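K.L.:
Here you go, one structure.
The values are calculated or read from the model by the stated rules, or taken from the named source; none is laboratory data. Every value quoted in this text rests on a predicted model; they were computed, and no experiment measured them. Counting neighbours? That spans all protein chains shown, and the Cβs are built from the backbone with ideal geometry, glycine included.
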Amino acid sequence: MKSAIKHFVIAGIAASLLFVQSCKDENGKINIFTVQDDMSFGAQVSAEFEKDPNNKILDSASHVGIYKYVYGIRDSILNTGKLTYGNTFVWRMRVIQDDTTLNAFCTPGGYIYVYTGLMKFLESEDQLAGVLGHEMAHADRRHSTEAMTREYGIQTLIDIVFGQDKGQLVRIAAGLKSLQYSRQNETQADEYSVIYLYPTAYNAYGAAGFFEKMIALGSQNPPEFLSTHPNPDNRVQAIKDKWMSLGGKAGNDFKTRYTNFLSTLP
C-alpha cells in the first residue's frame, strides 16, 4: 500500500513539473496563459477601458494626421523584426486627450495607449519612440499578463478570458494605466526599447531622454508608470550602456518634426 502511495505521489510531482515546464514562455518564465489568451484578454480589457467616458480617446477618423504620425513611429519599431509577436499582436494605437497625465501603457496583445500629457512633456520624436518601444516590450515579452496575474490572481484572469467575470473586467480595465511591473521587467523593457530602436533612424537611447528630463526637473511626483520603476539615474545609465554594447550608432532625434506634430494636438 505504501509503495502504491509513493508511486502515486511521485507521478503527481512529475505531472506538476511537466505542467510548469509547459507553461514557461520564451523567456523561461512561468505563464499559464497562451499567446492567444493574451490577445483575447487584451481585446476585452481594451474594449472595457474605452467604454469609460473619463478616458477621452481621440477619434482616429477625426484626427487622421495625429494617428498617421504615431502609427509611423510604431511601424518603424515593428519593421525592425525584433519583436517576437510583431506579426501576431494587433499593435493598435490610441491617443488619450489628457494633458495632466504623463503616461503610456500597452495591454496584453498589443493595445497601445499614450496620453497627450506625456507627448507634450517629451521634447523629441526619438524620446516618444523610446517610451513606445518600452511599453511595446512589456506586451511582447508578456510582462503584462505576468503583472496582472500577480496583482489580480490566476483564477480572476482565467474567468475573464472565458467570459465568466465581467465585474472584475471593469476593475482591471480601470487599473490598466497604473499596472505595476516588477523591477526586473522594467529593466528588461528598457533594454528592449534600445534593441527595438537600434536598427531604426532614431537615437536608440531615446527613452533615456525622458528620464533625464525628469531628473533635471527634480520631480517629486513621478508619473504613475514610474512609481515602482528603478531609479531614473540608474535607468539612464543602463539604457546608454545597452546602446553602447550594440555599437553606439548615432541616430536622429527628429526634434523639429516632433515640434510640428505637437502643434497639431488639441
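K.L.:
So, Ala47, is that one in a helix (DSSP H, G or I), modelled with pLDDT under 95, assigned by TED's automatic domain parsing to the domain that holds Thr200 and loosely packed, with under 15 Cβ neighbours inside 10 Å or not?
P.N.:
Here the answer is yes, as Ala47 does meet what is asked.
One line per residue, one yes/no per condition, for (1) crowded, with 17+ Cβ neighbours inside 10 Å; (2) of a type in the set (Gly, Ala, Ser); (3) at pLDDT 70 or above; (4) within 19 Å of Met39 (Cα to Cα):
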| site | (1), (2), (3), (4) |
| --- | --- |
| Thr145 | yes, no, yes, yes |
| Leu169 | yes, no, no, yes |
| Gly175 | no, yes, no, yes |
| Tyr192 | yes, no, yes, no |
| Leu197 | yes, no, yes, no |
| Thr200 | yes, no, yes, no |
| Asn203 | yes, no, yes, no |
| Leu217 | no, no, yes, no |
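K.L.:
Hey, does the stretch 226-248 have a residue that's in a loop (DSSP other than H, G, I, E, B), of a type outside the set (A, V, I, L, M, F, W, C) and modelled with pLDDT of 95 or more?
P.N.:
yes
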